[in-house]
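The next block holds one structure in the form of structure tokens; read it before the comments.
The values are calculated or read from the model by the stated rules, or taken from the named source; none is laboratory data. Source: prediction; values computed, not measured. Glycine gets a Cβ as well: all are built from the backbone with ideal geometry, and neighbour counts include every protein chain shown. Accessible surface areas use protein heavy atoms only, side chains included; no ligands, DNA or RNA. Shrake-Rupley method; radii C 1.70, N 1.55, O 1.52, S 1.80 Å.
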Amino acid sequence: MTDIAAGKVPILKCFEQAWRFLFDHWRLLAPAAIAPALANGIALALSPVNTTGAGNPMSELTGFAIVTIASVFFTAAVLRKIVRDEFIPPLGLAFGQDETRLLGVLGCYLAIFVPPVVLLAVVFQVFLLSRIAASPEELAELMADSERFSEAVLQQLGAGGLLLLDVILVALVIIAVVALARLSMVNAATIGEKKVVFFQSWSWSKGNVLRILAALVITALPATLLDLIVAAVVLGLAGAGPAPVQAVAGAVTGFIQSLLSIPAIALGAILYQGLRPPAFVAK
């Protein structure tokens, strides 16, 4: 793995090793991608693409939860290979302590990031949306017309209020991005230490946050572009077809997108192995 003994994360070397791991091991890990692929197919069948653009929020939330949990199992399979050089035949998938710990990590992420989003949504609803419309029906009609909605929001906030809102949103995005960079090793550390390691890995990125961000961006960029192309082609061919067609389209895109997520998962392991203090003991 990458040598970070000098204290600086080698951005391009990390990118190279993350993608090399995909090229070297995609055949071995492809069977494990069946789990998120099937989950993605189920999610799209529950909330299919339609011409109106409207969907059932509960179905969408259920589908999102299914895909997220399946992705945790796939992530565990990938990290077992890169961190501990272990593969559980025949598919690489399991339901053991590794998966339970990663679900615990997911719970930590939700506990940290969801409450602020919910709070902002409540504040936005109480202090703004309730003032620009007298009823939910009027609000729905207003939000259906983006131009009218923007005008109503601007009129309610004023130029100063809109600027303040933009500053707050930018600040929150920066805080979230920095936090995600500093927590980018959490999954790999949890697999490597065989304990849920969350904030204990925070200090490992000291002095390397911008380099880690750069490595994350350039590693994810090719995969993101390919994801968009695959989704556009496959889902475009499926169109607004019946649920079985939507499910197949979702499974195909989910399978390819899962394989393309391997470099980002591997990068977390590369950073963990390079930045972990030699004397570290998980608590």
**Message:** For a Förster distance of 22 Å, can you work out the FRET efficiency between the beta-carbons of residue 26 and residue 218, rounded to the nearest 0.05?
**Reply:** 0.65
**Asked** Using mean Cβ contacts within 10 Å as the protection proxy, how do 91-102, 224-235 order, highest first?
**Response** 91-102, 224-235
**Message:** For residue 175, what accessible surface area do you get with a 1.4 Å probe? Give it in Å², rounded to 10.
**Reply:** 110
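Quantify, in whole percent, the carbon and sulfur part of the accessible surface of segment 63-146 (1.4 Å probe; protein heavy atoms only).
72
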**Asked** Would you list 272, 109 from the most to the least accessible area, probe 1.4 Å?
**Response** 109, 272
**Request:** List the relative contact order of the chain as a percent without decimals, with contacts defined as Cα pairs under 8 Å and 6+ residues apart.
**Result:** 39
**Message:** If DNA, RNA and ligands are ignored and the probe is 1.4 Å, what is the ranking of 108, 14 by accessible area, most exposed first?
**Reply:** 108, 14
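What are the membrane-span-like helices in the chain by this rule: whole DSSP H runs, Cα extent along the axis at least 24 Å, mean Kyte-Doolittle hydropathy at least 0.5?
Going by DSSP H runs, the hits are 57-84, 97-124, 146-182, 209-238, 243-260.
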**Request:** Could you point to the label whose value was computed as volume of the Cα convex hull per residue in Å³ for the structure here, given (1) 140; (2) 154; (3) 130?
**Result:** (2)
**Request:** Could you list, in their original order, any pairs among 206/283; 13/283; 81/194; 13/81 whose Cα atoms are separated by more than 23 Å?
**Result:** 13/283
**C-alpha center-to-center spacing [segment 12-48, segment 137-177] in angstrom** = 36
**Asked** Label-point separation (nm) for residue 122 and residue 60, each offset 7 Å from Cα along Cα-to-Cβ?
**Response** 2.2
**Message:** Please compute the per residue accessible area over segment 86-174 with all protein chains in place, 1.4 Å probe, rounded to a whole number of Å².
**Reply:** 68
**Asked** How much accessible area does residue 24 have with a 1.4 Å probe, in Å² rounded to the nearest 10?
**Response** 100
**Accessible carbon and sulfur surface of segment 197-258 relative to its total accessible area, %, 1.4 Å** = 81
**Asked** Which whole-number value in Å² is the accessible area per residue of segment 176-257, probe 1.4 Å?
**Response** 47
**Complete:** The correct ranking of 205, 150 by accessible area at 1.4 Å, largest first, is 150, 205
**Fill in**
Rounded to 0.05, the calculated FRET efficiency for the beta carbons of residue 210 and residue 13 at R₀ = 25 Å is 0.95
**Fill in**
When the charge dipole of segment 145-250 is computed with +1 at the Cβ of Lys and Arg and -1 at the Cβ of Asp and Glu, the Cα pointing farthest to the positive end, of 186, 230, 170, is that of 186
**Asked** What shape does segment 129-283 take by its C-alpha gyration tensor, where a ≥ b ≥ c are the square roots of the eigenvalues and a/c under 1.5 counts as rounded, a/b above b/c as prolate, and the rest as oblate?
**Response** oblate
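Assuming 0.36 nm per residue, please report the length gained on full extension of the stretch residue 95 to residue 178 beyond their Cα-Cα distance.
Values: separation 83, 0.36 × 83 = 29.88 nm, distance 3.15 nm.
Gain on extension, residue 95 to residue 178, equals 26.7 nm.
Relative contact order for segment 154-283 using alpha-carbon pairs under 8 Å, separation at least 6, rounded to a whole percent?
Here the relative contact order equals 31 percent.
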**Request:** Go ahead and run the numbers for FRET between residue 248 and residue 106, Cβ-Cβ distance against an R0 of 41 Å, rounding to 0.05.
**Result:** 0.90
